[in-house]
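The values are calculated or read from the model by the stated rules, or taken from the named source; none is laboratory data. Small disclaimer: the values here were computed from a predicted structure and weren't measured. Glycine also receives a Cβ, built like all others from the backbone with ideal geometry; neighbour counts cover every protein chain displayed.
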Amino acid sequence: MVNLGVLVSGSGSNLQAIIDNIEAGRLDARIRIIISNVPDVFALERAKKHSIPSLVISHKGYKRREDFDKKIVEALQAHEVGLVVLAGYMRVVTAVLLRAFPMRVMNIHPALLPSFAGTHVWQAEVDYGVKFAGCTVHFVDEGTDTGPIIIQAAVPVYDDDTAETLNARILKQEHKIFSQAIQLYAEGRLEIQGRRVLAKGFPKVPDAFMINPPIEIFDR
Ligand code: GRF
């Protein structure tokens, strides 16, 4: 059983997926505290609905990111958090948080890192013309979206996609892989070797491949 502290800034659909998986007994974790840096976001409603303790710690009023993170760390430690989960948390975290929770901060990013780090990724993917997109759960380091990768899911990008339709397709996979990554952590199955994270005790995924657009010439 791992004690989670979930940091949010918005709607919290990833938070909801984690809550649902815990309640369904699929995820061996307990959410000790949900912290939002933005007041009145929907993620806080979700916390209330499921009777999970929550807090708002606004970043406004802090001149230095480090001082803000110190407050966050204090709250996480007060709730005996073992793993920090960034679920749509729109703040860059500092060494203050990372030193307090070394290799114990996970983030979800809506792209196949290291491609399309940063924000506004869906439009960037459509504009670039990539044929596959996806999402990544990774441990957080001091860079932006650069930490060791735990799990990724790939989805196709279609010719008629917009940022919105692509976002929706990716988000569905986010809701699965975040919980899977947390469960692997809870089971002690993640082995970190440099920047590689090995998931112990898994059979290899089949050498299946996706090709988009699909190949026709061999079916003729
Ligand atoms: C997701 O796309 C996630 O990848 C990104 O922010 C979005 C948060 O969505 N980090 P939600 O708040 O979990 O609904």
- request: Scan the range 14-71 for residues that are assigned to a strand (DSSP E or B) and either closer than 28 Å to E187 by Cβ or within 13 Å of the ligand (Cβ to nearest atom) (or both) and report the count.
  value: 9
query: In this structure, is D160 touching a Pro at 6+ places or on another chain (Cβ under 8 Å), acidic (D, E), in a loop (DSSP other than H, G, I, E, B) and at pLDDT 95 or above?
result: no
task: Could you grab me the full set of residues in the range 119-134 that are in a loop (DSSP other than H, G, I, E, B), modelled with pLDDT of 95 or more and under 15 Å from the mean Cα position of the chain (by Cα)?
output: none
- request: Of all residues in the range 14-58, count the ones that are surrounded by fewer than 17 Cβ atoms within 10 Å (Cβ to Cβ) and either acidic (D, E) or under 18 Å from the mean Cα position of the chain (by Cα) (or both).
  value: 8
query: For V137, all conditions in the list (1) touching an Asp or Glu at 6+ places or on another chain (Cβ under 9 Å); (2) touching a residue at least 40 places away in the same chain (Cβ under 8 Å); (3) not in a strand (DSSP E or B) hold save one; what is the number of the exception?
result: (3)
- prompt: Condition test on T146, is it of a type outside the set (F, W, Y), modelled with pLDDT of 95 or more and in a loop (DSSP other than H, G, I, E, B)?
  reply: yes
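Quick one: in the range 2-13, which of the residues that are in a loop (DSSP other than H, G, I, E, B) and out of contact with any Lys or Arg (no Cβ under 6 Å at 6 or more places or on another chain) is nearest to L76 (Cα to Cα)?
Residue satisfying both the conditions and the ranking: S9.
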